[in-house]
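Here is the structure we will look at.
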Amino acid sequence: MNNPSDALPEGIQVTAVRAFQDNYIWCLHNNATVVAVDPGDAAPLLAFCREHTLKLGAVLITHHHRDHTGGIAKLASVYPNLPVIGPAGGHIRGITKSVDEGDVVRLPTLGCELSVIEVPGHTLDHLAFFGHGVVFCGDTLFSAGCGRLFEGSAEQMHHSLNKLKRLPDNTLIYCTHEYTQSNIQFAMAVEPGNSALQDYADKVNVRRQQDKATLPTQMAREKAINPFLRTHCDEVCRSAEAHCGAPLANDTAVFAAIRRWKDEF
Ligand code: ZN
Ligand code: FE
């Protein structure tokens with residue numbers, strides 16, 4: 001297992017390939033090989049490979065939703081024997097190697113190793129891949145927000161976010177969707193007194209005006225501005241209680257309340 005504080009090896013970078021409205025297919029690559037995370041659509045990824053004369057070496061899948069898996073069949077037909085690594089259970093067509101908590105995904109062509117973290121909540125099969133100071137977390141943790149609860153409970157999601165929160169502060173967070181701006185709107189309703197959030201909003205607005213990605217974000221920043229990681233903070237708790245008109249017994253209850261609030265926001 002890699003030392004979690006190890007940076008990415010020399011010559012390896014992470015590039016965003018845009019798909020659909022607001023998805024990013026994160027590409028971990030050197031100048032020869034790409035490992036792609038959550039290719040919901042094959043076409044933009046194949047175009048990226050062609051443009052940079054890169055070979056697709058493997059695919060990582062965080063969860064079963066179509067916007068994360070829709071490109072698998074096409075990619076496997078273009079690259080026979082393509083390793084497709086993702087959740088166990090057999091429900092995702094095209095997975096060639098299933099992994100779960102604590103497994104290490106070795107990517108020898110890139111000299112990288114990522115460890116698997118189970119993060120149920122958005123879906124029950126949801127995984128994150130962590131190593132070399134980066135985490136690919138799909139639809140679990142977003143910048144200034146978190147994924148909707150489609151399958152799991154608030155308790156599960158809160159526990160999963162707490163697992164991610166224990167990653168080093170300098171961890172770069174690569175989530176699948178560009179939701180930052182709208183997440184910030186909600187975060188400001190929860191924590192109007194958070195000046196770090198206000199500063200971040202300004203920065204994000206400038207990047208979006210220039211049509212630039214707001215991702216990756218960093219764990220230290222998310223701990224400072226993301227209400228879903230701040231359920232222990234006074235203002236978050238008070239806002240949640242005011243919104244639901246009842247006292248909330250613990251952090252998980254605060255989390256559940258703001259997740260419900262966000263659904264209707
Ligand atoms: Zn999803
Ligand atoms: Fe998604």
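None of the figures in this text is laboratory data; all of them are computed from the coordinates on show. Just so it is clear, the structure is predicted and the values come from calculations on it, not from any experiment. Note that each Cβ is placed from the backbone with ideal geometry, even for glycine, and that neighbours are counted across all protein chains shown.
Things to note:
- Degrees, to the nearest 10: 180-190 long Cα axis against longest axis of the chain: 20 degrees
- For segment 13-226, the spread of Cα positions along each principal axis, largest first, Å: 54, 38, 28
- Taking the chain as a Gaussian network of alpha-carbon nodes connected by springs under 10 Å, the highest mean-square fluctuation of the residues Ala196, Ala76, Ala187 belongs to Ala196.
- Between segment 78-143 and segment 165-182, the alpha-carbon centres lie 16 Å apart.
- Most simply put, segment 1-92 has about 60% antiparallel DSSP beta bridges, counting only bridges with both residues inside it.
- Counting DSSP beta bridges with both ends in segment 117-244, the antiparallel % (nearest 5): 70 percent
- Most mobile of Ser77, Ser160, Ser98 in a GNM of the chain (Cα contacts under 10 Å): Ser77
- Acute angle (nearest 10 degrees) that the helix 42-51 long axis makes with the longest principal axis of the chain, alpha-carbon atoms: 60 degrees
- Per-residue Cβ neighbour rank within 10 angstrom, fewest leading, Asp251, Asp38: Asp251, Asp38
- Each stretch of four or more DSSP H residues adds -39500 (n - 2.57); spread over every residue of the chain, this sum gives -10000 deg cm²/dmol at 222 nm.
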